[in-house]
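Here's the structure we're looking at; comments come further down.
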Amino acid sequence: MPATRLNFRNHRAASLLLAALFVVSVTVSLRAVLDRFDELLHGNQYVAESFDIRTQTLEVDELEPEAERAGLRKGDVVVAVNGRPFQGWSDIEGPVRRARKGDGLLLHIKRRGSAGPVEEDISVPLRQFTYVGYKPGTAGYVVTILFRILTPLFCLALGFWVAAVRVGDRAAWTLLVLMLSVANLIMDSGTSYGHEGALQPFLTGLNLVFTRLGPLALVYFGIIFPERLALDQKFPWIKWIVIGPMLVRAGLFGIAYGMLAHHRDMILRLWAILVAVDPVGDRIELGLIGLFFVILGYKTVTATTSDARRRFLLLDTGAAVGLLPLLLALMWISMRDEAFRGWLALVSTAALLVFPLTMAYVIVVHRAMDVRVALRQGLQYLLATSGIRILQIAISAGIIVLAGTVGANSSVAARVGLIAVGFALLLGLGAFADRLRGWIDRRFFREAYETDEILADLAARVRTMVETEPLLETVASRVAEALHVPRIAILLDGNGAFRPAYALGYGSPPNGTFSEKSLTLRRLRQTQRTLVDFGDADSWVQLTDREERAALEELKPELLLPLSLMDRVLGIMSLGPKQSEEPFSPTDLRLLDSVAAQTGLALENGRLTEAIRDEARAREKQNRELELGREVQERLFPQEYPAIPGLDYAGACRPALGVGGDYYDFLPMSNGGLGIAIGDVSGKGIPAALLMATLRAFLRGQAIDHETDLSAVIANLNRLVFESSAQNRYATFFLGTYDPASRVLNYVNAGHNAPMVLRAGGEVVRLEAGGTVVGLMRAGSWEPGQVEFVRGDLLVAFTDGISEAMNDADDEWGEERLVEAVRTMQAAPVKAILQHVVKSADVFVAGAPQYDDMTLIVARVV
């Protein structure tokens with residue numbers, strides 16, 4: 001498993017954690033956005049304290065003139081605010097938040113007097129908070145909207161999108177933590193001024209934790225992406241010598257800040273320690289950021305693959321543009337002992353967004369582009385694809401700003417005329433947006449425009465070509481010319497194997513072949529196209545056998561396209577990388593799909609039409625026969641369930657091919673008990689269904705009672721099946737008789753998947769006693785088994801179509817997941833359990849074909 005992959009089972013825990021974190025972040029950010037808008041609307045009414053208080057001693061430290069005139073002195077200890085004991089910062093920030101210009105605070109203070117400590121009440125006025133952002137049209141107003149509202153929301157959206165797309169990737173989660181750190185730092189979402197709710201201590205602590213995790217996430221990303229640092233692979237504990245204590249520091253700061261809101265006395269000792277070591281932690285954070293640059297440079301120099309090198313060069317560029325301005329700004333203010341504010345803070349923090357955008361790109365993209373190519377494509381996208389929309393948005397924003405900032409002394413007609421001109425420009429631009437985008441594309445990006453023209457023309461021309469060799473030559477040469485792909489091969493089907501029929505750009509013609517059953521063909525049948533990445537440890541290429549892998553390596557493709565008609569693959573087009581190393585764009589893929597489809601149509605020509613018609617008639621007839629067979633077989637399964645005291649039971653079967661060889665049955669017994677049978681005939685389809693019907697007739701032809709020797713019944717079945725079927729036909733079989741009076745199940749297992757008894761206490765008992773399958777040999781022996789049930793126990797019998805259901809990666813669902821699915825519904829009715837198990841298996845295979853019949857029996861002792 002790659003170093004950047006999380007070991008969450010099916011990513012379920014990771015997805016739940018991501019969802020919970022998303023809910024909390026959205027809740028916090030929405031409240032912070034509302035705070036910012038309240039500042040914009042009512043900032044001229046905000047007030048602030050006219051004094052400062054030391055956290056450790058609650059002594060007044062700094063005084064504004066109005067507080068001094070009210071009688072407050074340095075060294076006074078604040079005991080209560082507005083009649084409420086001072087237990088935390090919420091006791092003073094809450095009243096200040098509710099106050100407006102002209103209000104004050106009633107402080108109960110303690111001070112030293114000549115005769116000893118003196119307590120008294122002092123009414124201290126509050127000063128107006130100097131906030132420049134509430135004036136529409138000013139720079140502060142625009143900065144507040146763009147920087148303190150939109151930028152944090154963008155960070156959250158980017159972080160959660162990448163984590164959702166790559167939920168199993170540690171690098172994606174690291175980016176999410178970095179984005180949460182930046183968003184909380186800018187928005188100050190946890191320490192929002194003056195909130196007093198019960199949730200505020202948690203949000204305050206969470207805010208401080210995330211703001212301090214940014215440097216840790218940055219250096220951790222450098223260590224693990226795209227593969228772990230060689231030193232970390234050898235000594236994984238080294239990084240935790242620094243990261244571990246810093247994580248503890250972040251957590252303790254979060255706890256301390258949260259407790260300071262309401263329980264200051266409980267946290268004073270810890271707070272004193274944290275304040276003492278905080279400068280050291282700040283220097284370590286700066287050192288970690290510098291270490292990230294060192295690691296990034298080292299990995300860039302030592303990268304072993306071209307794709308990894310391109311990713312690192314992109315990261316280098318993004319880091320230089322995004323992080324260096326912020327580091328230089330921090331160094332500048334540190335040397336000059338200034339506050340981090342103004343245009344210096346705005347520009348350096350805005351540039352910081354370039355780096356997470358670069359991180360998101362190299363994490364999500366299948367294959368990274370060269371830096372120059374990425375810049376060129378980004379410019380092309382900006383101008384030819386999104387430029388007009390951006391211009392429309394800019395005009396819309398201009399109209400809003402114009403409406404809000406036009407002078408009050410201007411006439412109504414002048415204001416209405418200016419706004420009307422803006423709306424006319426907006427409507428006119430919208431009417432000609434598509435035409436203008438097309439003109440920009442043809443004028444400035446003629447190469448991309450001509451590529452579209454060439455491939456679109458090729459898709460229209462090939463359908464009229466009837467000779468195979470000219471067709472293949474034309475397709476390969478025109479695609480190579482349009483996309484600048486120097487290496488193209490086209491393979492055609494011949495007697496069940498796909499061999500190269502035309503190759504362009506190879507030193508010698510490739511000889512690799514692909515069988516109809518190869519993984520490559522299976523993927524091309526299931527998907528419209530498939531990418532090939534030999535360097536990706538999670539790529540489907542790693543699942544191919546040695547011969548198929550050698551054929552792929554000989555072709556050296558980056559993209560494989562099926563030349564198909566309907567559901568039949570007639571050939572394969574293999575395209576190597578572009579000369580520019582750019583990945584195939586969505587437009588390229590769309591046009592190549594069209595070319596491939598039209599090429600497949602031309603390969604078959606006129607005779608294919610009749611073949612398709614014949615095939616359709618044959619398929620319709622076969623479907624009618626299968627439907628009839630399915631109806632007959634469904635009647636062979638139990639139509640009514642005998643009522644058995646103290647037993648709730650149900651069964652179901654879903655064939656893979658309309659009809660199948662799975663079998664289950666419920667047989668009433670004379671003592672009021674129940675016979676339970678389940679089997680799986682080898683093979684699928686109609687032959688297996690016929691043997692299944694024979695097996696049912698043989699079983700029901702025997703008298704089965706509570707005193708019946710089940711081993712003898714299985715021996716008879718074995719002889720009858722052996723004599724009436726081909727040598728390669730056999731069946732796994734399980735037969736049991738349940739006595740409701742004693743709650744005992746006697747059984748024999750003839751090579752079948754062992755049914756399971758799920759005890760209420762958690763124990764799982766497998767019913768394995770028996771012998772070999774029936775029908776494979778003339779004679780055999782089978783040992784009986786017995787199990788006693790108690791109330792609440794569940795019996796689960798199944799065929800391997802349930803337990804071995806596979807997804808596209810050939811992973812089996814397995815008996816452990818079957819047990820887990822039953823456990824989650826253990827108290828539900830058995831029919832609900834049965835439906836849940838089948839649904840869980842379907843969810844796991846995620847649309848992959850059902851390769852085997854699926855049969856399930858569930859019974860509960862009640």
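Among the candidates Val47, Val24, Val79, Val60, the residue that is modelled with pLDDT of 80 or more, of a type in the set (Val, Ile, Thr) and under 30 Å from Phe844 (Cα atoms) is uniquely Val24. Would you confirm, using the coordinates I've provided, whether Ala805 is open to solvent by less than 30 Å² (accessible area, probe 1.4 Å) and out of contact with any Leu (no Cβ under 9 Å at 6 or more places or on another chain)? Yes: the conditions hold for Ala805. Residues that are closer than 23 Å to Ile686 by Cα and in contact (Cβ under 8 Å) with a residue 24 or more places away in the chain within the range 724-749 comprise Ser724, Ser725, Asn728, Arg729, Tyr730, Ala731, Thr732, Phe733, Phe734, listed in sequence order.
Of these, Val79, Val60, which one is open to solvent by 20 Å² or more (accessible area, probe 1.4 Å) and part of a strand (DSSP E or B)?
Answer to the selection: Val79.
Among the residues examined, Asn746 does not qualify as over 18 Å from Val713 (Cβ atoms), buried (at least 16 other Cβ atoms within 10 Å of the Cβ) and polar (S, T, N, Q). You will find that of Gly281, Gly244, Gly205, Gly214, the residue that is more than 33 Å from the chain's Cα centre (by Cα), open to solvent by less than 40 Å² (accessible area, probe 1.4 Å) and either closer than 19 Å to Leu185 by Cα or of a type outside the set (Ser, Thr, Tyr) (or both) is Gly281 and no other.
Remark: pairs (first residue in the range 774-787, among the aromatic types (Phe, Trp, Tyr); second residue in a loop (DSSP other than H, G, I, E, B); Cβ separation under 9 Å; 6+ apart in sequence or on different chains) = Trp782/Ala769; Trp782/Thr772.
Of everything in the range 227-241 that's open to solvent by 100 Å² or more (accessible area, probe 1.4 Å) and hydrophobic (A, V, I, L, M, F, W, C), which residue is farthest from Val280 (Cα to Cα)? Selected residue: Trp237.
Condition first: β-branched (Val, Ile, Thr) and either in contact with a Ser or Thr (Cβ under 7 Å, 6 or more places away or on another chain) or under 20 Å from Val219 (Cβ atoms) (or both). Now tell me which residues in the range 240-259 satisfy that. Walk me through it before giving the result.
Of the range 240-259, the ones β-branched (Val, Ile, Thr) are 241-243, 248, 255.
Selection gives Ile241, Val242, Ile243, Val248.
Per the conditions (1) closer than 15 Å to Ala652 by Cα; (2) open to solvent by 10 Å² or more (accessible area, probe 1.4 Å); (3) under 32 Å from the mean Cα position of the chain (by Cα), the sole criterion not satisfied by Ala841 is (2). Considering Leu720, Leu735, Leu695, the condition of being open to solvent by less than 20 Å² (accessible area, probe 1.4 Å) and part of a helix (DSSP H, G or I) is satisfied by Leu695 alone. Of the residues Leu657, Leu674, the single one that is open to solvent by 20 Å² or more (accessible area, probe 1.4 Å) and aliphatic (A, V, I, L, M) is Leu657. Count of the range 634-661 residues, restricted to those that are within 20 Å of Thr799 (Cβ to Cβ) and assigned to a strand (DSSP E or B), is 8. Being part of a helix (DSSP H, G or I), without any contact (Cβ under 8 Å) to a residue 40 or more places away in the chain and open to solvent by 80 Å² or more (accessible area, probe 1.4 Å) is a property that Leu30 has.
The values are calculated or read from the model by the stated rules, or taken from the named source; none is laboratory data. Just so we're clear, the structure is a prediction, and the values are computed from it rather than from any experiment. Cβ atoms come from the backbone with ideal geometry, glycine included; neighbour counts cover every protein chain shown. The area values use the complete protein model at the heavy-atom level, side chains included, leaving out ligands, DNA and RNA. Shrake-Rupley method; radii C 1.70, N 1.55, O 1.52, S 1.80 Å.
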